[in-house]
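Chemist: Mind having a look at this structure? Questions to follow.
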Amino acid sequence: MPKLTIDGVEIEAAQGQSVLDAALAHGIHIPHLCYHPRLKVSGNCRMCLVEIEKAPKLQISCGTEARDGMVVQTKSEKVLKARQSVLEFMLINHPLDCPTCDQCGECKLQDYCSEHGQEESRYGEEKHGFDVLDVGPDISRNMNRCIHCTRCIRFLRDVAGSEEFTLYERGSHTTVGPYLEKALESPFSGNLAEVCPVGALTCKHFRFKGRSWLMEKSRTLCPGCARGCNAYAWTSKQEVLRLTPAENDFVNQSWLCNAGRASIAQIEAKNRILEPTRATAMEELAGVLRALIEKDEGEKVGVLASPRLTNEDLYLIRKLAREVIGTTHLAFVPGMSDDRPFGPLDTPLTEWFIRADPTPNSHGARDILHSTEHTENAFDLIEAAEKGEISSLLVFSEDPVTSFGDVDRATKALGQLDFLAVIDSHFSPTAELARLVVPEASFAEKDGTFTNEQGRIQRLRAAIPARGHSQSAWQTVTEVAKHLGTVWTFNSAAEVDREIASKIPGYQDLDFDTLPLEGLALVQADEADQAEAEESTPDQDKKE
Amino acid sequence: MAEKILTARFETPDSHLLNTYQADGGYTALKKALTMKPEEVIELVKASGLRGRGGAGFPAGLKWSFVPKEAEKPKYLCVNADEGEPGTFKDRYLMELDPHAVIEGSAIACYAFGAHIAYIYVRGEFKVPMERMEQALAEAREAGLVGKNILDSGFDFDMWVHPGAGAYVCGEETALIESNEGHRGMPRLKPPFPAVVGLFGGPTVVNNVETLAFVPHIMNQGAEWFAKLGPERNGGTKMYGVSGHVKKPGIYELPMGTSLKEIIYDVCGGIRGDHELKAVIPGGSSTPVLTPDEIDVAMDFDSLAKIGTMLGSGAIIVMDETTCMVRAITRLAKFYSHESCGQCTPCREGLAWIHQVLVRIEGGQGREGDIDLLLDICDNVQGNTICPLGDACAMPVRGFIKKFRPEFEEHIQKAGCPIGPFPAPWAGSAKG
């Protein structure tokens, strides 16, 4: 491992690591703009120039390999002059429009200029402007603010797998933009808003909606697919204004797809369910169930739960069905399986990122609901309704009328039921048929955990208070269970998790409050078995 | 006049044809090289002291020796025929009038460092040189001098013409490689150097046309002969391209180290009309300018470096007293800012800024402090860029100010050009 000295501090770098990476890893910040840890080095911005002993000129730290015995200065007079001059050059044709720029407050150029720049520009010539060009519905391009770092070009080409941007013209007239002035087509183009270190590429959906310093951000999960991308929900005045990626090397690296970003739209969607059918809905629901339980007809109750729900929701739904109602008609709609590797991989995002399963918790649903002796899928439930095997149905965040595939048959089957209750965040054709509708919180309003396709338990955090009278399914279920005379004492998702940890195989290490940021890999059943087997019969196995 | 080597055949009718070339002993050097070991060829060129004629003067044999013997990817030779530096016009004549010498030199170079393919990257505007190279390659291919198993030696050598698309920066070796690969011509970060990772990722040597044209002569007449043609460490002759206010501008092949004064006054017949010499750019527009009292200097790499300038490509631009130095450097700055590839910040923004300030000074809108501002911008550009294009602008700007500062000051004080108004076609914006 090469040992080098940066600003008088001796550090050890990894073999082949750049001076910049080594410095950053040791908490020494060398200003940089074109460098991005997940993109190829291009060395064009010249912000990270440093003085290296014996080198005749300043060297870019992003493109210089750390070598044994190197003596690096990042704050020498020569370095500071070069850094200041690079910033001065960058501002020559920059409109200096921070007050009306969406990047304001999270702009690296702005930060570095206030830290290293000059009070006044020496540039006394006319600035040139670039034409406005619409690059599609997700990203807004303002070429005047561009610093030509080419991060966008490199992201699209090397990461997103769609080479859509390139450099045009030369010299100070160089522009960055799409080939043939076409709109961006990449399903990952939204990342350009974060990839761009300045205000040249910003998110169209977030335009003029909020200031970074006036917003709060909660680290949560994208509900859009089985990957379970880590994300920040940015809120202001109890409204989620945008979803941006949060780093997770095991899951989504630094990326989030456009569809995932758009999932915040469901929070304020017109068809959101905010109030129950009647104020007495819970009592009514409990009343129907109590009547059946008292007649010992709990088995005639069907329960359908969605893999969109959290592990906590699913666990208490199972507990209600099995222990309180006493039915085996507990079902969920399994998510689509995906043959492609899960990653994260170094191949283009198009090859692995967005999962075929559009629900965030199919793995969790399988782990929790399949751990009962008997679980059906939604289609069996429709058939059970047709045959009269069930007379009542509780539907949690699903729409069997649509998902069954035959609307008329499903509608007819559900119409035969004595009682249909839907607990959901949004109105659906199934909800239209229900006697009772109870509002469910949206993903941005819930605490809980999802288990992603890879078997990683990750935390969903409420970013805003639940809208209207909506709440998490586990709360609804607890309320119903209490009406039915149970002594359940679940007051938080954390309390539910303590029971999950003791009851569900693989979840024994789950602790809601200490769940690491990068999530927790499930304890694999075969691993546990193997460990047990090795402990008990070590020799026998070896003989085989 | 001294011995002519590269230009010896220039006067011969049909000098560009294979017959003419072979009648004059052409391709015997290649034949000889193919009987030697590749290392022996490299040693011979090293011993001759042949230095690159593109501008930097790097020893050619040493460059070849940097190429690793074993490589996973194919090795390549790129012949740099992008000749774009203002004032330079030597390689075009070599390609037009003696293309087979370029091919033969390229074949020997490839044999020496183990490449089988050479690309000659020809400046896009060089239509005739390109046609001549194509024609010569067709002839050579027909005669078994290019292609599989050349001269029955078992050695494969192929060569292709790659037309440039009109960017000065493609004369920089890594930009040339990028462009040769079909990409936008932008210099790459170094390291890795082309000798390790070059064209299509393979080890690559980039040599100037003139450099390679010397190789057959060195093969035939020996290293010692070549070295003795010029002063120590500056062997051979040099093709000097003289332009500007001399009576007889043109290409002159002279021994390395010929005095600049001799070139201007004896070889080129002195300054036009009754005019007096005012300034000389000795080695292409990026090299710092010299004043009349400095021209008693030997035109070789080391002597010019000693007085703070460079031999560069040997392109001598002569200016008499009718020349406005501010206008001259403004024009050069316009060229460099226009030719900046736009990749790295100091060159992209700094060169345009330099040009804007110069346009203002020449146009009579100079401000107090402009000259120091120019020098500081140069300081901030020079040494901080990916490739030497930024330096190529900063160096002459500094040079002009250093040697002719009073003229700049006069422009600012008198709010105009003492020599006359800025002619309209030049007075445009930085866009060029």
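Chemist: Can you name the residue in the stretch A:221-246 that is surrounded by fewer than 22 Cβ atoms within 10 Å (Cβ to Cβ) and among the β-branched types (V, I, T) and is also nearest to the chain's Cα centre (by Cα) among such residues?
Modeler: For the stretch A:221-246, the residue satisfying everything is A:T244.
Chemist: Can you find, within the stretch A:118-146, the residue that is modelled with the lowest pLDDT among those that are touching a Lys or Arg at 6+ places or on another chain (Cβ under 9 Å) and within 14 Å of chain B (Cβ to nearest Cβ)? Talk me through it step by step, then tell me what you get.
Modeler: Taking the stretch A:118-146 first, the residues touching a Lys or Arg at 6+ places or on another chain (Cβ under 9 Å) are A:124-125, A:128, A:132-140, A:144.
From what is left, the residues that are within 14 Å of chain B (Cβ to nearest Cβ) are A:124-125, A:128, A:144.
On the way: A:G124: 93, A:E125: 95, A:H128: 88, A:N144: 96.
Looking at residues that are touching a Lys or Arg at 6+ places or on another chain (Cβ under 9 Å) and within 14 Å of chain B (Cβ to nearest Cβ), I get A:H128.
Chemist: Something else now. Pick from the stretch A:467-519 the residues that are among the polar types (S, T, N, Q) and in a loop (DSSP other than H, G, I, E, B): which of them is modelled with the lowest pLDDT?
Modeler: Keep residues of the stretch A:467-519 that are among the polar types (S, T, N, Q), which gives A:470-472, A:475-476, A:478, A:486, A:489, A:491-492, A:502, A:508, A:514.
Then keep just the ones that are in a loop (DSSP other than H, G, I, E, B); that gives A:470, A:472, A:486, A:489, A:491-492, A:508.
On the way: A:S470: 98, A:S472: 98, A:T486: 95, A:T489: 92, A:N491: 96, A:S492: 96, A:Q508: 95.
Here the residue is A:T489.
Chemist: Among strands (runs of 3 or more DSSP E) lying entirely in the stretch A:54-172, which contain 3 or more residues that are surrounded by fewer than 19 Cβ atoms within 10 Å (Cβ to Cβ)? Step through it out loud before you land on a result.
Modeler: On the way: elements: A:71-73, A:139-141, A:165-168.
Because the criterion is at least 3 residues that are surrounded by fewer than 19 Cβ atoms within 10 Å (Cβ to Cβ), the strands (runs of 3 or more DSSP E) in the stretch A:54-172 that meet it are A:165-168.
Chemist: Out of curiosity, is B:V246 under 23 Å from B:P86 (Cβ atoms), out of contact with any Gly (no Cβ under 7 Å at 6 or more places or on another chain) and crowded, with 23+ Cβ neighbours inside 10 Å?
Modeler: Working: under 23 Å from B:P86 (Cβ atoms): yes; out of contact with any Gly (no Cβ under 7 Å at 6 or more places or on another chain): no; crowded, with 23+ Cβ neighbours inside 10 Å: yes.
Considered against the rule, which asks whether it is under 23 Å from B:P86 (Cβ atoms), out of contact with any Gly (no Cβ under 7 Å at 6 or more places or on another chain) and crowded, with 23+ Cβ neighbours inside 10 Å, B:V246 comes out as no.
Chemist: Separate question: Would a scan of the stretch A:187-198 turn up a residue that is within 14 Å of another protein chain (Cβ to nearest Cβ) and modelled with pLDDT of 95 or more? Quick ask: steps written out before the conclusion?
Modeler: We begin by selecting, within the stretch A:187-198, every residue within 14 Å of another protein chain (Cβ to nearest Cβ); these are A:197-198.
Narrowing the set further to residues that are modelled with pLDDT of 95 or more leaves A:197-198.
Yes, because at least one residue in the stretch A:187-198 is within 14 Å of another protein chain (Cβ to nearest Cβ) and modelled with pLDDT of 95 or more.
Chemist: So, in the stretch A:18-47, exactly how many residues are farther than 22 Å from A:Q110 by Cβ and within 14 Å of another protein chain (Cβ to nearest Cβ)?
Modeler: Qualifying residue count, the stretch A:18-47: 5.
Chemist: Within the stretch B:93-104, does at least one residue satisfy the condition of being assigned to a loop (DSSP other than H, G, I, E, B) and either touching a Cys at 6+ places or on another chain (Cβ under 8 Å) or buried (at least 21 other Cβ atoms within 10 Å of the Cβ) (or both)?
Modeler: If we filter the stretch B:93-104 for residues that are assigned to a loop (DSSP other than H, G, I, E, B), which is where we start, we get B:98.
Next, from what is left, pick out any that are either touching a Cys at 6+ places or on another chain (Cβ under 8 Å) or buried (at least 21 other Cβ atoms within 10 Å of the Cβ) (or both): B:98.
Yes, there is a match, as at least one residue in the stretch B:93-104 is assigned to a loop (DSSP other than H, G, I, E, B) and either touching a Cys at 6+ places or on another chain (Cβ under 8 Å) or buried (at least 21 other Cβ atoms within 10 Å of the Cβ) (or both).
Chemist: Further question: I need the full set of residues from the stretch A:84-111 which are within 23 Å of B:L351 (Cα to Cα) and within 36 Å of the chain's Cα centre (by Cα), in order please.
Modeler: A:V86, A:L87, A:M90, A:L91, A:H94, A:P95, A:L96, A:L109
Chemist: Here is a check on your reading of the model: is B:E139 of a type in the set (D, E) and over 18 Å from the mean Cα position of the chain (by Cα)? So that I can check it myself, show each step before the final result.
Modeler: Details: of a type in the set (D, E): yes; over 18 Å from the mean Cα position of the chain (by Cα): yes.
Spelling it out, B:E139 is indeed of a type in the set (D, E) and over 18 Å from the mean Cα position of the chain (by Cα).
A quick yes/no check of all residues on (1) farther than 20 Å from A:I11 by Cα; (2) at pLDDT 95 or above; (3) within 9 Å of chain B (Cβ to nearest Cβ); (4) in contact with a helix residue (DSSP H, G or I) (Cβ under 9 Å, 6 or more places away or on another chain):
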position	(1), (2), (3), (4)
A:V50	no, yes, no, yes
A:I60	no, yes, yes, yes
A:G63	no, yes, yes, yes
A:A66	no, yes, no, yes
A:S76	no, yes, no, no
A:V86	yes, yes, yes, yes
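Chemist: Can you confirm whether the stretch B:45-55 contains a residue that is surrounded by fewer than 16 Cβ atoms within 10 Å (Cβ to Cβ) and closer than 30 Å to B:S285 by Cβ?
Modeler: We begin by selecting, within the stretch B:45-55, every residue surrounded by fewer than 16 Cβ atoms within 10 Å (Cβ to Cβ); these are none.
No, that holds for no residue.
Chemist: Could I ask something else about it? Go over the candidates B:G350, B:G342, B:G270, B:G257 one by one and state the one that is within 14 Å of chain A (Cβ to nearest Cβ) and touching a strand residue (DSSP E or B) at 6+ places or on another chain (Cβ under 8 Å).
Modeler: On the way: B:G350 fails: touching a strand residue (DSSP E or B) at 6+ places or on another chain (Cβ under 8 Å); B:G270 fails: within 14 Å of chain A (Cβ to nearest Cβ); B:G257 fails: within 14 Å of chain A (Cβ to nearest Cβ).
Just one listed residue meets the conditions, B:G342.
Chemist: Mind listing whichever residues of the stretch A:25-73 are in contact with a Leu (Cβ under 9 Å, 6 or more places away or on another chain) and over 22 Å from B:G390 (Cβ atoms)?
Modeler: The answer is A:P37, A:A66, A:R67, A:D68, A:G69, A:M70, A:V71, A:V72.
Chemist: If you don't mind, another one. Residue check, A:P439 against (1) under 24 Å from A:I267 (Cβ atoms); (2) in a helix (DSSP H, G or I), all met but one. Which one?
Modeler: With respect to (1) under 24 Å from A:I267 (Cβ atoms); (2) in a helix (DSSP H, G or I), A:P439 is out only on (2).
Chemist: Name the one entry in B:L30, B:L18 that is among the aliphatic types (A, V, I, L, M), within 24 Å of B:A81 (Cβ to Cβ) and in contact with a His (Cβ under 9 Å, 6 or more places away or on another chain). Walk me through it before giving the result.
Modeler: Numbers: B:L30 fails: in contact with a His (Cβ under 9 Å, 6 or more places away or on another chain).
Result: B:L18 is the single residue among B:L30, B:L18 that is among the aliphatic types (A, V, I, L, M), within 24 Å of B:A81 (Cβ to Cβ) and in contact with a His (Cβ under 9 Å, 6 or more places away or on another chain).
Chemist: Would you list the strands (runs of 3 or more DSSP E) that sit entirely within the stretch B:245-341 and hold 3 or more residues that are among the aliphatic types (A, V, I, L, M)?
Modeler: Working: elements: B:250-255, B:277-281, B:315-320.
The strands (runs of 3 or more DSSP E) meeting that bar are B:277-281, B:315-320.
Chemist: Further, regarding this structure: Filter the stretch B:401-415 for residues that are surrounded by fewer than 24 Cβ atoms within 10 Å (Cβ to Cβ) and in a helix (DSSP H, G or I) and give the result. Can you show your working first?
Modeler: Restricting attention to the stretch B:401-415, the residues satisfying the condition of being surrounded by fewer than 24 Cβ atoms within 10 Å (Cβ to Cβ) are B:401-410, B:412-415.
Scanning the stretch B:401-415 gives B:I401, B:K402, B:K403, B:F404, B:R405, B:P406, B:E407, B:F408, B:E409, B:E410, B:I412, B:Q413.
Conditions (1) among the hydroxyl-bearing types (S, T, Y); (2) closer than 20 Å to B:H16 by Cα, marked per residue:
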residue	(1), (2)
B:I103	no, yes
B:S106	yes, yes
B:A109	no, no
B:V122	no, yes
B:S153	yes, no
B:D158	no, yes
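Chemist: Among the listed residues A:M47, A:M1, which satisfies the condition of being buried (at least 18 other Cβ atoms within 10 Å of the Cβ) and of a type outside the set (V, I, T)?
Modeler: Values: A:M1 fails: buried (at least 18 other Cβ atoms within 10 Å of the Cβ).
The unique qualifying residue is A:M47.
Chemist: A further question follows. Go over the candidates A:A269, A:A281, A:A265, A:A305 one by one and state the one that is in contact (Cβ under 8 Å) with a residue 40 or more places away in the chain, within 23 Å of the chain's Cα centre (by Cα) and over 29 Å from A:H370 (Cα atoms). So that I can check it myself, show each step before the final result.
Modeler: Values: A:A281 fails: within 23 Å of the chain's Cα centre (by Cα); A:A265 fails: in contact (Cβ under 8 Å) with a residue 40 or more places away in the chain; A:A305 fails: over 29 Å from A:H370 (Cα atoms).
Only one candidate passes the filter, namely A:A269.
Chemist: Let me ask another. Only one of these conditions is not met by A:G161: (1) within 14 Å of chain B (Cβ to nearest Cβ); (2) in contact with a Pro (Cβ under 8 Å, 6 or more places away or on another chain); (3) of a type in the set (G, A, S). Which number is it?
Modeler: (1)
Chemist: Could you check the stretch A:4-31 and list, in sequence order, the residues that are assigned to a loop (DSSP other than H, G, I, E, B) and buried (at least 23 other Cβ atoms within 10 Å of the Cβ)? Please lay out each step first, then the result.
Modeler: Filtering the stretch A:4-31 for residues assigned to a loop (DSSP other than H, G, I, E, B) gives A:7-8, A:13-17, A:26-31.
Of everything in the stretch A:4-31, those that are assigned to a loop (DSSP other than H, G, I, E, B) and buried (at least 23 other Cβ atoms within 10 Å of the Cβ) turn out to be A:A13, A:I30.
Chemist: Another question about this same structure. Among residues belonging to the stretch B:360-400 that are part of a helix (DSSP H, G or I), facing another protein chain (nearest Cβ under 9 Å) and of a type in the set (A, V, I, L, M, F, W, C), point out the one that is surrounded by the most Cβ atoms within 10 Å (Cβ to Cβ).
Modeler: In this case the residue turns out to be B:V381.
The values are calculated or read from the model by the stated rules, or taken from the named source; none is laboratory data. Source: prediction; values computed, not measured. Reconstructed Cβ throughout: ideal geometry from the backbone, glycine too, with neighbour counts over all protein chains shown.
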